[in-house]
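The structure appears right after this line, and notes come after that.
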Amino acid sequence: MPVRVVVAEDDYFVRAGLQRLLDGEPDIELVGAYETADALLASIADDRPDVVLTDIRMPPRGLDEGIVLAQELRKSHPDVGVVVLSNYAEPRHALRLFENGAEGRAYLLKQRVATRNGLARAITDVARGGSAVDPNVVTALLDSRPAAGSPLAALTGREREVLALVAEGHSNERISELVALSKGAVEKHVNGIFAKLGLAYDPRVSRRVKATLTYLQQTR
């Protein structure tokens with residue numbers, strides 16, 4: 001059964017572009033497209049979406065309507081996933097999106113989902129309860145030092161280096177290439193990071209995403 005998707009985007013050309021990207025995807029069914037979050041919410045009972053794809057900024061304020069929409073859906077329709085698209089890498093908005101749980105939520109930059117495959121993958125992952133943070137959200141923070149009392153202070157310098165690469169979205173295999181360590185050594189560092197940050201296993205939410213959020217919270 002295809003993933004049912006509704007779009008909230010006030011710009012006509014962007015909205016049409018998203019519709020074109022989703023057309024022809026066998027695993028996705030676009031069931032509605034709206035100019036405002038209010039219009040989407042008014043029709044959600046009829047549309048019955050699995051995932052909402054929303055711009056972060058829409059009328060009337062043009063500030064953070066996509067984040068507010070995601071927060072409202074967490075309360076009223078907790079089974080509906082939300083993919084928030086933004087032109088800007090803004091950690092504070094990503095943190096607000098995930099503050100009540102990371103499952104079924106993604107914060108991505110528009111340029112990263114400019115291809116059909118990239119957008120479809122993000123939607124299907126979120127529909128399954130997955131989560132994602134765009135690697136560019138953390139790029140400006142990679143050289144930050146942990147404050148006194150921060151959970152990151154318990155990490156070694158190598159572990160902080162590995163965590164920064166995890167936050168960028170790299171796999172263990174790719175991290176091993178970047179830091180010239182064996183894959184087994186990287187896995188040991190990653191597991192050590194999870195343990196020191198108190199990130200227990202949860203089948204619903206990736207600990208890599210949880211670690212990224214901790215990184216963002218402690219370095220913003």
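Each value in this text was obtained by applying a stated rule to the coordinates, not by laboratory testing. As the structure is a computational prediction, the values presented were derived from the model and not from experiment. Methodologically, a virtual Cβ is constructed for each residue, glycine included, from the backbone with ideal geometry; neighbour enumeration extends over all protein chains shown.
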*Among 23, 134, 10, rank each residue by its count of other Cβ atoms within 10 Å, from fewest to most, as a rough exposure measure.*
23, 10, 134
*Which order do 31, 84, 133 fall in if you start with the one that has the fewest other Cβ atoms within 10 Å?*
31, 84, 133
*For the residues 75, 110, 183, what sequence is obtained by ranking on other C-beta atoms within 10 Å, fewest first?*
75, 183, 110
*For the residue pair residue 61 and residue 47, what label-to-label distance in nm results when each label sits 7 Å from Cα along the Cα-to-beta-carbon direction?*
2.1 nm
*residue 72 to residue 182: extension gain in nm, 0.36 nm per residue of separation minus the Cα-Cα distance?*
35.2 nm
